[in-house]
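**Q** Just dropping this structure here.
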Amino acid sequence: MEKYAVVVAGGSGMRMGTAVPKQFLPLRGKPVLWYTLTAFLDSFPDMQIILVLPEQYLETGKEILRSTYDPNRIWMTIGGETRFHSVRNGLQHIKKHSIIFVHDGVRCLLTPGLIRRCFDGAVDKGNAIPAIKAVDTIRIETVNGNMQIDREKVRIIQTPQTFFSDLIKSAFEQDFHESFTDEASVVEKLGVKINLIEGESSNIKITRPLDLLIAERVLEEREMGL
């Protein structure tokens, strides 16, 4: 089965408070995005990666690709106005029947093991969305104020969100809607049941300076075999 990862890295550095977008910030001597790409390269020897970047950062992207151990399995395309449009741009480059992973470029701590579990889940049920249980008390805003909800029924959604190519490519033929906050929401709009699998608590999204500190610690522990 052909395998393609669409890695979306079109974010800015606004919440990080840096001039450089967070996907390019240094993490233990390498850009954040380098770790994301390496995890996918390590997951399957035949994994192909489509990296979606803002046009003004294509040269930076090329430098990162050249620093990986197998740049021939990675190519780039330009992002769009929203995440939805960026993913659609990436999907247009995939012509073969395959399993497609869509991943946030700044979730740089994902493991090859998670990628392989997503593959198995998608092959089995058509799609696989990694998720973890909520550990905090959850309250939801209502017209009457707010109310506590059962956190045991809450799942925090991660990426890579993984689908058969025919399914996700068909879903992305729809017009954009504000409710499309991730790929699962786009596919679900077709009436498809979403299959959740166990994610990884370390699979955080690098958004704020604290996240970089956490990522450094996680990578350090992995290097030490902890």
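Just so you know, all these numbers are worked out from the coordinates, no wet-lab data involved. Values in this document were obtained by computation on a predicted structure and should not be read as measured data. With ideal geometry, Cβ positions are generated from the backbone for all residues, glycine too; neighbour counts draw on all protein chains shown.
**Q** What trypsin sites (Lys or Arg not before Pro) in region 49-123 are in a loop by DSSP, with at most 11 other Cβ atoms within 10 Å of the Cβ?
**A** Numbers: sites: Lys62, Arg66, Arg73, Arg83, Arg88, Lys95, Lys96, Arg107, Arg116, Arg117; in loops: Lys95, Lys96, Arg107.
Answer in residue order: Lys95, Lys96.
**Q** When a/c reaches 1.5 or more, the comparison of a/b and b/c decides; with that in mind, is the chain rounded, prolate or oblate per its Cα gyration tensor? Show your work: numbers first, answer last.
**A** Values: a/c = 1.38, a/b = 1.11, b/c = 1.24.
Verdict is rounded for the chain.
**Q** As an exercise, identify the GluC sites (Glu not before Pro) in region 42-94 lying in DSSP coil whose Cβ has no more than 13 other Cβ atoms within 10 Å. Numbers along the way, then the final one.
**A** On the way: sites: Glu55, Glu59, Glu63, Glu81; in loops: Glu81.
Listed in order of number, the matching sites are Glu81.
**Q** What translational diffusion coefficient, to the nearest whole µm²/s, does region 98-186 have by Stokes-Einstein, given a Kirkwood radius computed over alpha-carbon pairs, a temperature of 25 °C and 0.890 mPa s viscosity? Could you put the intermediate results ahead of the total?
**A** Working: Rh = 14.9 Å.
Estimated via Stokes-Einstein, D reaches 165 µm²/s.
**Q** Order the peptides 28-39, 126-137 from the highest to the lowest mean number of other Cβ atoms within 10 Å of their residues.
**A** Numbers: 28-39: 20.6, 126-137: 17.3.
Per-residue mean Cβ counts within 10 Å order the peptides as 28-39, 126-137.
**Q** Something else now. Select from region 172-204 those GluC sites (Glu not before Pro) which occupy a DSSP coil region and have at most 15 other Cβ atoms within 10 Å, ordered by residue number.
**A** Numbers: sites: Glu173, Glu178, Glu183, Glu188, Glu198, Glu200; in loops: Glu173, Glu178, Glu200.
Sparse-neighbourhood loop GluC sites (Glu not before Pro): Glu173, Glu178.
**Q** Which shape class, rounded, prolate or oblate, goes with region 33-95 when its Cα gyration tensor gives a ≥ b ≥ c as root eigenvalues, a/c under 1.5 marks rounded, and past that a/b bigger than b/c marks prolate? Write out the running numbers ahead of the final one.
**A** Working: a/c = 2.12, a/b = 1.35, b/c = 1.56.
Oblate is the answer for region 33-95, as a/c is 1.5 or above yet b/c matches or exceeds a/b.
**Q** Kindly provide the helix-only [θ] at 222 nm of the chain, computed as the sum of -39,500 (n - 2.57) over DSSP H runs of four or more divided by all residues, to the nearest 500 deg cm²/dmol?
**A** After summing the helix terms and dividing by residue count, I get -9500 deg cm²/dmol.
**Q** Which percentage, to the nearest 5, of the DSSP beta bridges contained in the chain is antiparallel?
**A** Values: 16 of 37 bridges.
That works out to approximately 45 percent antiparallel.
**Q** On to the next question. With a ≥ b ≥ c the root eigenvalues of the C-alpha gyration tensor of region 80-139, is it rounded (a/c under 1.5), prolate (a/b larger than b/c) or oblate?
**A** Numbers: a/c = 2.03, a/b = 1.30, b/c = 1.56.
Cα axes put region 80-139 in the oblate bin.
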